[in-house]
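**Student:** Dropping a structure here in structure tokens format, bear with me for questions.
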Amino acid sequence: MIDRLGIAHLFELSRTEAIAGFFTPLAIFALFFLAQLLLPGRRVPGYVIDPETGEPRNYRLNGILVFGIAVTVWALELTGMPHDWFYRSSVYAVAGGTVLCVILTVLAVFGRSQDRTERPFAALWQGRALELSFFNERFDVKMYLYVVGGTMLSLNAMSGAVYHYGLFGEGSNPGVFLYAGFLTFYVLDYFVFERVQLYTYDVIHEKLGFKLIWGGLIVYGWLYILPLWGMAVYPDPGFSPAWTNVRLIGSAAMFLFGWAIARGANMQKYTFKRWPDRKFLGLIEPEYIEAGDRKILCSGLWGVARHFNYLGEGFFALSIGLVFGHFAVPWAWTYLAVIVALFIVRQRDDDRLCAEKYGADKWAEYQARVKYRIIPGVY
């Protein structure tokens with residue numbers, strides 16, 4: 001079965017290596033905890049209101065510093081760990097990390113309160129607390145999830161590219177290296193605009209249950225490189241130089257186009273939430289529907305589709321499927337399949353939450369004004 005799936009190379013570790021792979025996330029989680037706690041950071045207010053003070057909740061951000069140090073340590077092999085270790089140990093790390101996430105979830109859901117819940121399994125999946133922080137808000141759990149997950153996404157992608165080059169050398173597929181570049185740029189962009197994430201769905205709406213903890217640490221950090229599990233063992237597809245350039249340049253252009261949509265939409269909403277009367281980029285006048293003391297943005301990118309940023313993520317996922325050049329290999333399209341399923345479900349959840357937040361009548365007014373969910377003219 002494993003041979004037919006094309007991932008037998010991920011099960012070639014010795015018994016000792018397999019055990020080390022299983023416990024790799026434990027070491028990673030501990031080191032990142034210390035790094036985020038001890039390294040300097042900047043405190044900024046977010047969008048979520050602290051119920052105890054009635055003021056925006058404060059967050060301490062140092063993701064870009066942690067990311068830079070982690071990449072440097074990996075690149076220089078300062079721990080003695082080979083560059084391809086993260087990729088080769090992926091399956092065992094996912095198993096060990098999932099066990100750790102179960103433990104962390106139990107602590108997050110039941111560890112701080114002895115209150116009984118009628119639906120314990122639902123609470124474990126969805127969570128009960130919207131926020132958790134420790135050490136006088138010096139360490140925030142949600143920020144930790146995304147710093148670990150984002151950094152490991154980049155390191156796992158680069159580790160897979162190193163493994164690929166070790167297999168094929170001069171016959172390597174340049175698409176694999178470009179893929180690693182896509183993901184590293186994606187993560188770096190996240191950390192450059194880390195404050196903007198305080199105004200996004202996960203921080204505002206998601207509670208700290210297994211879905212978010214496992215999703216932030218393991219799905220984001222390890223499983224987002226799922227296409228590489230299969231594609232790292234495929235050599236260059238053998239197109240002519242001209243068609244290779246078309247594939248690589250076209251994939252890069254599609255990636256950047258998707259990034260521009262997603263980043264632009266998120267920045268427009270961030271600008272509107274912080275400065276409601278400011279023109280976005282000095283050009284786009286904010287138009288909105290008033291819903292009591294809240295406002296629903298409906299101009300610019302948010303007047304094109306209700307979740308236009310998800311379309312950007314879709315183009316990014318499509319560029320990943322194309323960049324490898326092995327169009328008939330299912331592994332190349334796994335990320336696209338996951339992203340399409342994820343954002344269709346999330347869009348529906350977000351619509352439901354927004355109807356509760358703004359009122360059914362006002363949300364219906366917005367839906368009538370902005371008809372399409374994600375893809376203008378289609379969906």
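The values are calculated or read from the model by the stated rules, or taken from the named source; none is laboratory data. Predicted, not measured: the structure shown is a model, and the values here were computed from it. Backbone-built Cβ (ideal geometry, glycine too); neighbour counts: all protein chains shown. Calculation scope for accessible area: heavy atoms of the full protein, side chains included, ligands and nucleic acids excluded. Shrake-Rupley method; radii C 1.70, N 1.55, O 1.52, S 1.80 Å.
**Student:** Would you call residue 274 open to solvent by 20 Å² or more (accessible area, probe 1.4 Å), over 21 Å from residue 305 (Cα atoms) and within 27 Å of the chain's Cα centre (by Cα)? Walk me through it before giving the result.
**Tutor:** Values: open to solvent by 20 Å² or more (accessible area, probe 1.4 Å): yes; over 21 Å from residue 305 (Cα atoms): yes; within 27 Å of the chain's Cα centre (by Cα): yes.
Judged against the criteria, residue 274 is a match.
**Student:** Scan segment 13-32 for residues that are loosely packed, with under 14 Cβ neighbours inside 10 Å and either at pLDDT below 95 or under 25 Å from the mean Cα position of the chain (by Cα) (or both) and jot them down. Break it down stepwise before answering.
**Tutor:** Of all residues in segment 13-32, those loosely packed, with under 14 Cβ neighbours inside 10 Å come to 14-16, 19, 27, 30.
Hits for segment 13-32 are 27, 30.
**Student:** If you go through segment 251-264 one residue at a time, do you hit one that is open to solvent by less than 60 Å² (accessible area, probe 1.4 Å) and outside any helix (DSSP H, G or I)? Step through it out loud before you land on a result.
**Tutor:** First, pick out the residues of segment 251-264 that are open to solvent by less than 60 Å² (accessible area, probe 1.4 Å): 251-255, 258, 260-264.
In the following step, the residues that additionally are outside any helix (DSSP H, G or I) were identified as none.
Among the residues of segment 251-264, not one is open to solvent by less than 60 Å² (accessible area, probe 1.4 Å) and outside any helix (DSSP H, G or I), which makes the answer no.
**Student:** Next question, about the same structure. So which residues in segment 236-250 are in contact (Cβ under 8 Å) with a residue 40 or more places away in the chain and assigned to a helix (DSSP H, G or I)? Step through it out loud before you land on a result.
**Tutor:** Step one: of segment 236-250, the residues in contact (Cβ under 8 Å) with a residue 40 or more places away in the chain are 236-237, 239, 244, 247-248, 250.
244, 247, 248, 250 - these are the residues of segment 236-250 that are in contact (Cβ under 8 Å) with a residue 40 or more places away in the chain and assigned to a helix (DSSP H, G or I).
Matching residues to (1) assigned to a helix (DSSP H, G or I); (2) touching a Ser or Thr at 6+ places or on another chain (Cβ under 6 Å):
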residue	(1), (2)
20	yes, no
23	yes, no
48	no, no
54	no, no
58	no, no
69	yes, no
86	yes, yes
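**Student:** Any residue in segment 365-378 that is on the phi < 0 side of the Ramachandran plot and touching a residue at least 12 places away in the same chain (Cβ under 8 Å) sitting within a Cβ distance under 9 Å of a residue that is assigned to a loop (DSSP other than H, G, I, E, B) and aromatic (Phe, Trp, Tyr)? List the pairs, counting only those 6 or more apart or interchain.
**Tutor:** Within 9 Å, the pairs are 372/379; 373/379.
**Student:** If residue 366 satisfies every condition in (1) aromatic (Phe, Trp, Tyr); (2) out of contact with any Gly (no Cβ under 9 Å at 6 or more places or on another chain); (3) open to solvent by 70 Å² or more (accessible area, probe 1.4 Å) but one, which is the exception?
**Tutor:** (3)
**Student:** Oh, and also: Please state which one of 175, 216 is open to solvent by less than 40 Å² (accessible area, probe 1.4 Å), closer than 23 Å to residue 70 by Cα and either among the acidic types (Asp, Glu) or in a helix (DSSP H, G or I) (or both). Lay out the reasoning, then the answer.
**Tutor:** Numbers: 175 fails: closer than 23 Å to residue 70 by Cα.
After ruling out the rest, the residue left standing is 216.
**Student:** For residue 313, state whether it is within 30 Å of residue 184 (Cα to Cα), open to solvent by 20 Å² or more (accessible area, probe 1.4 Å) and in a helix (DSSP H, G or I). Step through it out loud before you land on a result.
**Tutor:** Details: within 30 Å of residue 184 (Cα to Cα): yes; open to solvent by 20 Å² or more (accessible area, probe 1.4 Å): yes; in a helix (DSSP H, G or I): yes.
Yes: the conditions hold for residue 313.
**Student:** Please state which one of 329, 345 is hydrophobic (A, V, I, L, M, F, W, C) and modelled with pLDDT of 90 or more.
**Tutor:** Working: 345 fails: modelled with pLDDT of 90 or more.
The unique qualifying residue is 329.
**Student:** If you check 379, 372, which single one turns out to be hydroxyl-bearing (Ser, Thr, Tyr), assigned to a loop (DSSP other than H, G, I, E, B), modelled with pLDDT under 95 and surrounded by 15 or more Cβ atoms within 10 Å (Cβ to Cβ)? It would help to see each step written out before you state the result.
**Tutor:** Details: 379 fails: surrounded by 15 or more Cβ atoms within 10 Å (Cβ to Cβ).
Result: 372 is the single residue among 379, 372 that is hydroxyl-bearing (Ser, Thr, Tyr), assigned to a loop (DSSP other than H, G, I, E, B), modelled with pLDDT under 95 and surrounded by 15 or more Cβ atoms within 10 Å (Cβ to Cβ).
**Student:** For residue 134, work out the one condition from (1) among the aromatic types (Phe, Trp, Tyr); (2) surrounded by fewer than 23 Cβ atoms within 10 Å (Cβ to Cβ); (3) over 24 Å from residue 204 (Cβ atoms) it doesn't fulfil.
**Tutor:** (3)
**Student:** One residue is enough: does segment 140-150 have a residue meeting the conditions touching a Lys or Arg at 6+ places or on another chain (Cβ under 7 Å) and farther than 17 Å from residue 63 by Cβ? Step through it out loud before you land on a result.
**Tutor:** Narrowing segment 140-150 to residues touching a Lys or Arg at 6+ places or on another chain (Cβ under 7 Å): 140.
If we keep only those that are farther than 17 Å from residue 63 by Cβ as well, we get none.
No, segment 140-150 contains no residue that is touching a Lys or Arg at 6+ places or on another chain (Cβ under 7 Å) and farther than 17 Å from residue 63 by Cβ.
**Student:** Test residue 74 against the criterion of being among the aromatic types (Phe, Trp, Tyr), in contact with a helix residue (DSSP H, G or I) (Cβ under 6 Å, 6 or more places away or on another chain), in contact (Cβ under 8 Å) with a residue 24 or more places away in the chain and closer than 30 Å to residue 9 by Cα, and give yes or no.
**Tutor:** Working: among the aromatic types (Phe, Trp, Tyr): yes; in contact with a helix residue (DSSP H, G or I) (Cβ under 6 Å, 6 or more places away or on another chain): yes; in contact (Cβ under 8 Å) with a residue 24 or more places away in the chain: yes; closer than 30 Å to residue 9 by Cα: yes.
Yes.
**Student:** Among all residue pairs at least 6 apart or on different chains, which show Cβ distances below 7 Å where the first residue, located in segment 269-282, is among the polar types (S, T, N, Q) and in a helix (DSSP H, G or I) and the second is open to solvent by less than 60 Å² (accessible area, probe 1.4 Å) and at pLDDT 90 or above?
**Tutor:** 271/280
**Student:** So, in segment 329-345, of the ones that are in contact (Cβ under 8 Å) with a residue 40 or more places away in the chain and either buried (at least 16 other Cβ atoms within 10 Å of the Cβ) or of a type in the set (Phe, Trp, Tyr) (or both), which residue ends up farthest from residue 293 (Cα to Cα)? Walk me through how you get there before you give the answer.
**Tutor:** As a first pass, look at segment 329-345 and keep what is in contact (Cβ under 8 Å) with a residue 40 or more places away in the chain: 329-335, 338.
Pick out the ones that are also either buried (at least 16 other Cβ atoms within 10 Å of the Cβ) or of a type in the set (Phe, Trp, Tyr) (or both) and you get 329, 331-335, 338.
Details: 329: 51, 331: 47, 332: 46, 333: 43, 334: 42, 335: 39, 338: 36 Å.
Filtering first and then ranking leaves 329.
**Student:** Regarding segment 195-210, can at least one residue be identified that is at pLDDT below 95, in contact with a helix residue (DSSP H, G or I) (Cβ under 8 Å, 6 or more places away or on another chain), aromatic (Phe, Trp, Tyr) and surrounded by fewer than 20 Cβ atoms within 10 Å (Cβ to Cβ)?
**Tutor:** Yes.
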